[in-house]
Amino acid sequence: MSASMTEIRWHGRGGQGAKTACLLLADAAFASGKYVQGFPEYGPERMGAPITAYNRISDIPCTIHSNIYAPDYVVVVDESLLSSVDVTAGLKEGGALVINSAQAPASLRPLLRGWTGRVGVIDARRISEEHLGGYFPNTPMLSAIVQVSRVLEPGRFIADMEASFRHKFATKPQVIQGNMNCLIQSMKEVRLA
């Protein structure tokens, strides 16, 4: 992992918000003074189809303009992808995988194609249903990757996200509080092994 740049790859399915979470992370990193890239890899977009998105977060200007092939961290928004997509491809040895799952990290290891590094899990379904009244896994996953990677200082990230939500959802204060509750609870609950 470079001291000045962190690369994150997101795996999800169309409609789950992986692209949105990727772009929110880029916005939050930019707000904290970092140089950022946040972009999806486009293919045949349709609801439920596998999608990939990428973040580069750096202390210095980033001149790389390609997909990320050796990420420091990987976020898996839909655990069903573990059986069909090699989510650990290129994942750096000192990095970590963060998976949306109610299972313990040890029970997911057989699906990780020999990955022996750190695995984090967060039950994004339960948290989002509890605080947002529906299945919106991107908010809990966003918070979980910030907590695991420490790519941003967690307290500053929470404050920046609240300011962003207050602007974006000015007419829907209940949405603001639900999303903030998701972020905070996810930071507390993500389990890393």
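The values are calculated or read from the model by the stated rules, or taken from the named source; none is laboratory data. In this text, all values refer to a predicted model and were calculated from it rather than measured experimentally. Every residue, glycine among them, receives a Cβ derived from its backbone with ideal geometry; neighbour counts consider all protein chains shown. Only protein heavy atoms, including side chains, enter the accessible area calculation; ligands, DNA and RNA are left aside. Shrake-Rupley method; radii C 1.70, N 1.55, O 1.52, S 1.80 Å.
Descriptive notes on the structure:
- In the stretch 73-193, the portion of solvent-accessible area held by carbon and sulfur atoms comes to 53 percent [1.4 Å probe, whole percent, DNA, RNA and ligands not counted].
- Within the listed set S107, S80, S164, the residue fluctuating most in the Gaussian network model of the chain (springs between alpha-carbon atoms under 10 angstrom) is S107.
- Most mobile listed residue (G117, G12, G48) in the chain, GNM with C-alpha springs under 10 Å: G48
- Partners of K168 within straight-line reach, counting lysines whose Cα lies under 28 Å from its Cα and excluding those fewer than 8 residues away in the same chain: K19, K34, K188.
- Annotation for the stretch 109-175: GluC sites (Glu not before Pro) lying in DSSP loop with at most 16 further Cβ atoms inside 10 Å of their Cβ do not exist.
- Each peptide in 171-184, 141-154 receives the mean, over its residues, of other Cβ atoms within 10 Å, and ordering these scores from highest gives 141-154, 171-184.
- Cα gyration tensor shape for the chain, rounded if a/c is under 1.5, else prolate or oblate: rounded
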